[in-house]
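Below is one structure, written out as structure tokens; comments come after it.
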Amino acid sequence: MTEALERVSDGNLDLGLRLIKQARGRNDLRALRVSRLGEAVGGHLDVLAGKFGDDPDALLWLGSARVSLAWEIRGGGYAKYVTQDAFRGFREVLKTAAEPLFTAADLVPDDPVPWQCLQWFGLGMSLPRPDLDGFWAETEARDPALWAGRHARLQTLCEKWRGSNEEAYEFAKETALTAETGDPVVAMLPLAHFEIAERRMLADDGQLDHELIVKSHFSRPEVQRELAETTDRWMSAPHDHPMTTEARHLFGAAFYYGGDHDRARRIMTDLPMRIPEWLPWGSASLLPRRTYLKVRRELGV
């Protein structure tokens with residue numbers, strides 16, 4: 001996939017569209033490819049917008065790419081740290097994503113991926129909560145286990161966006177309890193815990209070391225217990241799934257910070273060096289890659 005991303009970044013749009021088409025019906029793979037290729041095509045959006053006409057896969061790709069570009073302009077910080085110019089550019093790009101995404105959804109009615117992308121569009125545009133709930137309902141109706149769909153919904157429910165710690169946790173717990181055995185989507189549970197720990201850091205306002213806050217949260221016996229039970233159910237018959245690596249990072253980091261280094265070591269052995277963009281390794285440090293390398297050395301993986 002790395003080579004394909006480089007070729008798309010160099011302007012080979014036919015290759016990118018072919019990869020997205022090939023994944024139709026395999027929703028998790030399709031969502032992942034649309035996201036990664038959407039980031040890669042950022043320098044060729046004008047060409048993409050005019051090259052393929054009303055092809056639904058191209059429209060999905062275009063809408064997702066515009067969403068990715070908008071969030072890149074905004075940056076990953078909290079709203080109070082985002083400049084007015086960044087917010088203005090964010091909204092100007094983001095609002096252009098709606099039309100191709102809605103059209104793609106109309107043209108392929110059973111595809112959940114446009115609706116998953118629309119969750120991020122709605123979140124960025126500060127749409128009312130009923131609209132965000134509607135985008136999730138459309139996603140869930142087409143594929144309730146879609147990793148990207150549940151990730152977007154979890155973000156919507158977080159306190160930092162449009163919900164609360166309680167809502168986010170209950171959604172993640174429900175995901176873990178109802179997911180099919182072996183589905184890595186159960187990693188929404190550690191993800192929710194990282195989001196909750198991150199809110200504690202914000203409330204603390206720099207009085208305590210961030211790593212100390214994360215370790216304090218994940219070392220709680222009830223947190224470790226539910227994560228262990230969830231991991232055991234997942235790993236008893238793990239699916240071949242495009243998001244397995246991300247799940248291993250989330251669970252591995254959760255057990256590492258919670259002090260269960262044996263579990264962390266088992267989960268993280270042979271993980272690739274490419275890490276998720278922010279969580280979980282950026283939760284306790286502004287240098288996530290350095291943190292990840294330090295943990296690997298400490299665990300001997």
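The values are calculated or read from the model by the stated rules, or taken from the named source; none is laboratory data. These numbers were taken from a predicted model, which means no experiment stands behind them. Because the Cβ atoms are built from the backbone with ideal geometry, glycine has one as well, and the counts that use them run over all protein chains shown. With ligands, DNA and RNA removed, areas are computed over all heavy atoms of the protein, side chains included. Shrake-Rupley method; radii C 1.70, N 1.55, O 1.52, S 1.80 Å.
Peptide packing: for 18-24, 168-174, 146-152, 268-274, the average count of neighbouring Cβ atoms within 10 Å per residue gives the ranking 146-152, 168-174, 18-24, 268-274, highest mean first. Relative to one another, the C-alpha centroids of region 274-292 and region 153-228 are positioned 16 Å apart. Taking 7 Å steps out from each Cα toward its Cβ at GLU92 and ASP133 produces label points 3.5 nm apart. Specify whether the C-alpha gyration tensor of region 157-228 places it in the rounded, prolate or oblate class, a ≥ b ≥ c being the square roots of the eigenvalues: rounded for a/c under 1.5, otherwise prolate if a/b is larger than b/c and oblate if not. The shape class here is oblate. Normalised by 2.2 N^0.38 Å, with N the number of residues, the alpha-carbon radius of gyration of region 1-156 equals 0.98.
If contacts are Cα pairs under 8 angstrom and at least 6 residues apart, what is the relative contact order of the chain in percent?
11
Pull out a ≥ b ≥ c, the square roots of the eigenvalues of the alpha-carbon gyration tensor of region 217-298, then state rounded if a/c is under 1.5, prolate if not and a/b is larger than b/c, and oblate in the remaining case. Here region 217-298 falls in the oblate category. Relative to the Cα centre, the charge distribution of the chain, modelled as +1 at Lys and Arg Cβ and -1 at Asp and Glu Cβ, gives a dipole magnitude of about 740 debye. Farthest toward the positive end of the dipole of region 145-197, out of ALA152, ILE196, VAL185, is the Cα of ALA152, where the dipole comes from beta carbon charges about the Cα centre. Relative to the Cα centre, the charge distribution of region 215-301, modelled as +1 at Lys and Arg Cβ and -1 at Asp and Glu Cβ, gives a dipole magnitude of about 420 debye. With respect to the chain, whose longest principal axis is taken over its alpha-carbon atoms, helix 188-204 is tilted by about 80°. Ligands, DNA and RNA are left out, and with a 1.4 angstrom probe the accessible area of the chain is 46 Å² per residue. Among rounded, prolate and oblate, which fits region 152-301 when a ≥ b ≥ c are the square roots of the eigenvalues of its C-alpha gyration tensor, a/c under 1.5 means rounded, and a/b larger than b/c means prolate? Verdict is oblate for region 152-301. Find how many whole Å separate the alpha carbon centroid of region 17-57 from the alpha carbon centroid of region 98-149. Each part's Cα centre sits 16 Å from the other's. Computed extension gain for LEU15 through ARG199, at 0.36 nm per residue and net of the alpha carbon distance, reaches 62.1 nm.
Selection among ALA176, PRO288, PRO114 by position relative to the dipole of the chain gives PRO288 as farthest towards the positive end (Cβ unit charges, Cα centre).
Size estimate for region 92-166 follows the Kirkwood approach: the inverse of mean 1/r over distinct Cα pairs works out to 12.3 Å. Label separation (SER216 vs LYS294): 1.8 nm, computed from points 7 Å beyond Cα along the C-beta direction.
Electrostatic tally near LYS173: other residues with Cβ closer than 14 Å to its Cβ, Lys and Arg +1, Asp and Glu -1, net -4. Checking (1) 50, 29, 13; (2) 31, 21, 19; (3) 41, 26, 18 against the coordinates, the calculated semi-axes √(5λ) of the Cα gyration tensor in Å falls under label (2).
Structure shown: which of LYS21/LYS160; LYS95/LYS215; LYS160/LYS215; LYS95/LYS173; LYS51/LYS95 lie over 30 Å apart, alpha-carbon to alpha-carbon? As for pairs spanning more than 30 Å Cα to Cα, those are LYS21/LYS160; LYS95/LYS215; LYS95/LYS173. At 1.4 Å probe size, with the rest of the protein present, what percent of the exposed accessible area of the chain is carbon and sulfur atoms? The value for the chain is 50 percent carbon and sulfur by accessible area.
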